[in-house]
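Everything on this sheet refers to the single structure shown next.
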Amino acid sequence: MLAVLRKAPPEKMECYPIGLFKNQELSGIALLQYIDLNNVKTFKEEKATFCLKDYLFKTFTSKVVIAGNNTITGQNAYIFTDKIAETDGLHLLQQALVALKKRYDKKGEKINLISVKDFTAPELPDFKTAGYKNYYQFCTQPNMIFYVRNNWQCIEDYITDLNPKYRKQYNRARKKGSGLIKKELNATAIKIHEKEIHNLYMTVANKASFNTFYLPENHFEVLKNELNDHFHFYGYYLDNKMIGFSTLIRNDSEIASYFLGYNDTIQKDKMLYLNMLYDMVDYGIKYNFKQVVFARSAMEIKSSVGAEAIETFGIIKHTNPLINIFTGKLFKYFEPEIAWKKRSPFK
């Protein structure tokens, strides 16, 4: 992924692989990112020529230094060797964050926010011990993870374990999706359909209420070239026309849903998004993965296929001490809690 972020990063995102040394010995690695949100349409506001949230966000929080990969969900900010204590490693990470902030400050790119993303509740005390003072702790949308049961050998076993209501949902989605053709694309085919793919991606990206980046057109081609068989790109076709796509990244015992796109009108008629989720479940079972990481967003529909909500946390601090006092209130204003209903599809 580091090569992908170097060759095809979102606009105004710069990535830094960092070595963390203790007593001149490499004791950990980290990924830091600088993100400039000035040219990103961050908030969706229907039929509005002026978005107050967007204006305030860009004015006070547009330049960010973050530990982690902002393009994917999960703890991918750092890893330490067993020769260093967790708190010592986190202290080194904090030093790296401050050093990168100072580098941009000197260039006239005044950093507004410093953040670390996507770790679990048991890790929170280590940050406090490591000296992360005056950071606001937040938990936004959960990571939706589908756990593959040991007794499932094929998709029919999964269907058998669904209760009648959600078995009916599965059958209805598959019936609605009749006529769809799914094809896996190699890097050459992805390149040929690049603009078409990007338009489908942007249809979904523009539906999000909050965005911090948009992928460039060549992102998926570069990703396929770099990850090879660890990355799968599936095009969905109707009448020989691509009307959607989904992507998967293989990572040891799990697979992770990456980005997808679709024609919004056809999606509704063919229940395309739900069919994509079922296809990912099918893939996870067929190839003996332990879990399918569906990431954030659309929690309720992901819950309806069997995904569980796992809370992930982050910490954030404004570099202006006065503004930082109100970081908690500002955070809730910019990203309010999303209400959704948990589903229980299994018997």
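The values are calculated or read from the model by the stated rules, or taken from the named source; none is laboratory data. Just so you know, these numbers come straight off a predicted model, no measurement behind them. Every residue, glycine as well, gets a Cβ built from its backbone with ideal geometry; the counts of neighbours run over all protein chains shown. These area figures cover heavy atoms from the full protein model, side chains too; ligands, DNA and RNA do not enter into them. Shrake-Rupley method; radii C 1.70, N 1.55, O 1.52, S 1.80 Å.
Find the centroid of the Cα atoms in segment 261-324 and in segment 158-190, then give the distance between the two in whole Å. With segment 261-324 and segment 158-190 each reduced to a Cα centre, they are spaced 16 Å. Under 17 Å of direct C-alpha separation, and excluding same-chain neighbours fewer than eight residues apart, Lys7 reaches these lysines: Lys191, Lys224. Computed from the C-beta positions of Asn150 and Asn320, the FRET efficiency with R₀ = 56 Å rounds to 0.60. Of the peptides 229-236, 168-175, the order by per-residue mean of other Cβ atoms within 10 Å, starting with the highest, comes out as 229-236, 168-175. Computed over the chain, the convex hull of the alpha-carbon atoms projects to a mean area of 19.2 nm².
For Leu322, the solvent-accessible surface with a 1.4 Å probe is about 120 Å², rounded to the nearest 10. With each label modelled as a point 7 angstrom along the Cα→C-beta vector, the Glu14-Asp239 pair spans 4.8 nm. Among the listed pairs Lys107/Lys128; Lys22/Lys102; Lys101/Lys290; Lys168/Lys241, those with a Cα-Cα distance over 32 Å are Lys101/Lys290.
Full extension of the chain between Lys286 and Gln95 yields a length gain of 64.3 nm, computed as 0.36 nm times the residue separation minus the alpha carbon distance. Each Cα pair under 8 Å and six or more residues apart adds its separation to the average, and for the chain the resulting relative contact order is 24 percent. For the residue pair Phe210 and Gln24, what label-to-label distance in nm results when each label sits 7 Å from Cα along the Cα-to-beta-carbon direction? That separation, rounded to one decimal, is 4.5 nm.
Rounded to the nearest 5, what % of DSSP beta bridges with both residues in the chain are antiparallel?
On the way: 53 of 60 bridges.
Counting only bridges with both partners in the chain, antiparallel ones make up about 90 percent.
So for segment 1-41, averaging the separation of alpha carbon pairs under 8 Å that are six or more residues apart and normalising by length, what relative contact order in percent results?
36
Mean residue ellipticity at 222 nm, helices only, the chain: -10500 deg cm²/dmol; runs of at least 4 DSSP H residues each add -39,500 (n - 2.57), and the sum is divided by the number of residues.
Annotation: the antiparallel percentage among DSSP beta bridges lying fully within segment 219-347 is about 80.
Taking a sphere under 12 Å around the Cβ of Ala77 and counting the other residues whose Cβ falls inside, with K and R at +1 and D and E at -1, yields a net charge of -1.
Charge tally for Ile301 (other residues, Cβ to Cβ under 12 Å; Lys, Arg +1; Asp, Glu -1): +3.
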